[in-house]
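Heads up: the structure comes next, in structure tokens.
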Amino acid sequence: MDEQVLRASLLAPMLDASSGVALYRQLYEEMRQAILAGSLPAGVKLPSTRTLAQTLGVSRATVVLAFDQLLAEGYIYGKVGSGTYVERVLPDELLRLQDRRKGGQQTGEILPPAQPLSERGKMIAASTVAPLQKWEQVVQHQAFRHGIPALHEFPFKLWSQLAAKRWKHIQPSDFGYSDPAGYRPLRQEIARYLQVARGVRCTEEQIIIMAGSQQALHLAAQLLIDPGDDVWIEDPCYMGARGALVSSGAQLVPVPIDDEGLAVTQGIAISPRARMAYVTPSHQFPIGTVMSLSRRLALLRWADQAGSWILEDDYDSEYRYAGHPLASLQGLDQAGRVIYIGTFSKVLFPALRLGYLVSPPELIDAFRAARSAADRHAHMLDQMVTTDFMAQEHFARHVRRMRSLYEERQLILLEAARQQLGDNVCIKSATAGMNVLAHLPARLRDTEVAQQAAQNGVAVTPISKYYIQHPPLNGLLLGYAAYNQQEIQQGMQNLARTLQ
């Protein structure tokens with residue numbers, strides 16, 4: 001091919017030395033696009049690097065670098081003693097796509113739209129873990145977001161000291177792949193803690209370290225549910241659980257919540273052979289009900305007789321202000337039907353992304369395999385530091401301090417609501433957790449109030465968003481754990497202005 005023709009058809013516009021992009025990169029891009037577009041046909045011989053450099057007015061090194069890149073990516077090839085040619089079979093799928101489109105245009109054929117997602121992929125994409133919101137809004141310190149601990153009160157200096165000490169004594173072997181079930185010393189600490197604080201009956205072998213409770217929910221659903229299986233779920237319910245179950249193909253069976261928790265008899269009447277039940281018995285999310293002992297025993301009896309599984313999500317049981325934390329449902333289980341899930345997101349900090357699952361003995365190997373298939377194992381250093389934090393009693397002290405702080409902040413919120421809201425809103429004190437439920441009068445809709453509140457600088461969540469089927473309560477979820485007295489009072493003033 002004549003180099004002047006190459007210059008006119010291939011490299012116009014000319015290379016721009018002032019563009020900030022290296023000349024060899026510009027030349028590479030021009031030639032690559034020409035090859036894909038067919039301007040340089042397959043099999044055509046290219047000018048020598050010396051000739052092309054003289055024609056373009058650049059150094060030969062520039063052309064050589066461009067040719068080397070094209071050669072490495074499979075766009076051109078060289079023949080010893082003959083020259084350099086455009087590859088006949090190109091690596092890019094782009095060329096085949098262009099040919100298909102051209103063929104469709106020439107024949108008048110309308111090519112069917114691509115289906116990028118599998119059926120399971122569609123279910124995953126359609127699932128929702130939390131109310132949709134922009135992340136730049138989430139990070140703002142704005143009352144009354146729920147589920148956020150008092151991050152300003154966390155002992156980060158101590159945490160960094162523990163991390164630095166670990167880094168100082170870390171071994172080369174710690175940088176390799178590790179047990180998918182997690183760091184054994186951490187599993188030992190968790191097992192001891194759960195036995196004493198939550199009445200969970202387990203050994204360290206049953207503990208599987210997860211990337212937060214959401215991964216535990218997801219893996220449990222993937223392992224134990226086939227598409228179309230009925231699964232009981234609390235109504236209202238935690239969106240993360242709903243998302244994990246829907247993405248596994250489960251057929252959700254909404255079971256109402258009353259003053260004693262999940263209405264087990266109604267669940268049996270609707271779907272007696274459901275494959276699984278998801279519950280938050282110690283502190284129902286989002287209403288806050290505690291499941292009564294009779295309901296717990298009825299649920300366990302049903303699971304045993306039906307051969308079904310129970311997912312017990314114990315997300316914030318550490319924060320109970322009346323008496324000791326309630327014993328877990330798993331501790332009452334005699335048949336091995338309960339899968340217990342816990343997290344450090346509420347008691348330490350969400351960015352840690354560490355949670356755990358207590359597997360029934362017969363499922364240990366399956367959960368270990370599932371954990372390995374998901375992402376091999378959790379971050380080793382984070383597990384080590386968390387182990388030290390627990391083993392040196394910092395964890396227990398931090399929980400006690402936060403329990404006292406959160407109880408105080410709830411009282412501040414209730415008093416601020418009494419002063420600012422008057423009779424417009426009914427807020428009852430909560431015996432546990434990090435949020436309270438504000439009941440609105442019938443003339444107001446919680447979704448509209450939440451939208452208006454956002455414009456006034458208040459982040460509240462409408463409780464109706466958590467319902468699937470049953471008539472929803474009309475109220476707002478108010479988180480208080482992350483906010484000091486001034487922030488709570490200012491937030492309540494803004495909420496009062498919204499209601500007016």
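The values are calculated or read from the model by the stated rules, or taken from the named source; none is laboratory data. Since we're looking at a predicted model, the values are computed, not measured. Cβ atoms come from the backbone with ideal geometry, glycine included; neighbour counts cover every protein chain shown.
Remarks
- Taken together, the residues in the stretch 320-359 that are under 19 Å from Val290 (Cβ atoms) and in a helix (DSSP H, G or I) amount to 3.
- A count restricted to the stretch 259-315 and to residues that are of a type in the set (A, V, I, L, M, F, W, C) and in contact (Cβ under 8 Å) with a residue 40 or more places away in the chain stands at 9.
- Tally, over the stretch 231-265, of residues that are surrounded by 20 or more Cβ atoms within 10 Å (Cβ to Cβ) and not aliphatic (A, V, I, L, M): 12
- Search result, residues across the stretch 215-240 that are within 23 Å of Asp365 (Cα to Cα) and either in contact with a Cys (Cβ under 9 Å, 6 or more places away or on another chain) or aliphatic (A, V, I, L, M) (or both): Ala216, Leu217, Leu219, Ala220, Ala221, Leu223, Leu224, Ile225
- Wholly within the stretch 361-450, helices (runs of 4 or more DSSP H) carrying at least 2 residues that are farther than 21 Å from Arg192 by Cβ and in contact with a Cys (Cβ under 9 Å, 6 or more places away or on another chain): none
- Condition check for Asp316: out of contact with any helix residue (DSSP H, G or I) (no Cβ under 7 Å at 6 or more places or on another chain), acidic (Asp, Glu), within 30 Å of Ala181 (Cα to Cα) and not in a loop (DSSP other than H, G, I, E, B): no
Listed here are the residues, each with its yes/no results for (1) among the aromatic types (Phe, Trp, Tyr); (2) outside the structural domain of Leu363 (by TED's automatic domain parsing); (3) touching a strand residue (DSSP E or B) at 6+ places or on another chain (Cβ under 7 Å).
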{"position": "Leu224", "(1), (2), (3)": "no, no, yes"}
{"position": "Trp232", "(1), (2), (3)": "yes, no, yes"}
{"position": "Arg242", "(1), (2), (3)": "no, no, yes"}
{"position": "Leu252", "(1), (2), (3)": "no, no, yes"}
{"position": "Ile257", "(1), (2), (3)": "no, no, yes"}
{"position": "Val264", "(1), (2), (3)": "no, no, no"}
{"position": "Gly267", "(1), (2), (3)": "no, no, yes"}
{"position": "Arg275", "(1), (2), (3)": "no, no, yes"}
